[in-house]
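Below: the structure, in structure tokens.
Bear in mind that the values in this text are calculations on the coordinates, not laboratory data. As the structure is a computational prediction, the values presented were derived from the model and not from experiment. With ideal geometry, Cβ positions are generated from the backbone for all residues, glycine too; neighbour counts draw on all protein chains shown.
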Amino acid sequence: MTSGDGSQAPTARHDLPAEGPGSPAGWGRRFVALLVDWAIGNAIAFLFVGAAVWDRERGLVWLPLLCWFVLVWLFTSFTGASLGQWLLRLRVIRLDRRRVGPWIGFIRTALIALVIPPLIFTPDRRGLHDLIAGTACVNGPRSAT
């Protein structure tokens, strides 16, 4: 979508482009990134304690969630994207254009872990977790090929 002068029209209220790099990311790639992060969190938990991580009687079934949380929190805070998001060329930005940082990254990740906040969203694809944190998940730069 472009405006009359040929530039891309921004999405409502946030000066995000409607298409291309910096535009709100689609649900498909965001979901795949979440699955990749969850798989990495499970793999890390498995490396710590082996197959016992999935044995309810051992009481370690919380460990994959903890590993996922720490992984997503730290990567989002310091690089602007979780590992899954990096692989899928997505980025998390603050709408005030400052760095995400540890505090905002923690709040955003904790809200995602609650499951419900990402399911409540606006037309510009910002979930409740993004609205509270003042962030947006956007398309990253395309690779130069």
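Can you list the HN-Hα couplings for the range 77-88, worked out from phi with the Karplus curve (6.51, -1.76, 1.60; θ = phi - 60°), rounded to whole Hz and with x for Gly and Pro?
With the stated coefficients, the range 77-88 comes to 5, 9, 10, x, 6, 6, 4, x, 5, 4, 4, 9 Hz.
Can you give me the Kirkwood hydrodynamic radius for the range 27-139, using every pair of distinct Cα atoms, in Å to one decimal?
When all Cα pairs of the range 27-139 are included, the Kirkwood radius is 14.3 Å.
Explain nothing, just the number: dipole magnitude of the chain about its Cα centre with +1 on each Lys and Arg Cβ and -1 on each Asp and Glu Cβ, in debye rounded to the nearest 20.
160
Go through the range 49-55 residue by residue and turn each phi into a ³J(HN,Hα) via Karplus (6.51, -1.76, 1.60, θ = phi - 60°); whole Hz please, and just put x for glycine and proline.
Result, rounded to whole Hz: 10, x, 5, 4, 4, 9, 8.
Quick one: compute the contact order of the chain, relative version, from alpha carbon pairs under 8 angstrom and 6+ residues apart, as a percent.
25
Using modelled backbone amide H atoms (1.01 Å from N, in-plane), which distant-in-sequence or interchain residues come within less than 5 Å of Leu90's amide H?
Here Gly140 satisfy the definition.
Rounded to whole Hz and in sequence order, give me ³J(HN,Hα) for the range 100-115 from the Karplus expression 6.51 cos²θ - 1.76 cosθ + 1.60, θ = phi - 60°, writing x for Gly and Pro.
The phi angles translate into 4, x, x, 5, 5, x, 5, 4, 4, 5, 4, 5, 5, 4, 6, 6 Hz.
7 Å from Cα along Cα→Cβ at both Val70 and Ala113: what's the point-to-point distance in nm?
1.1
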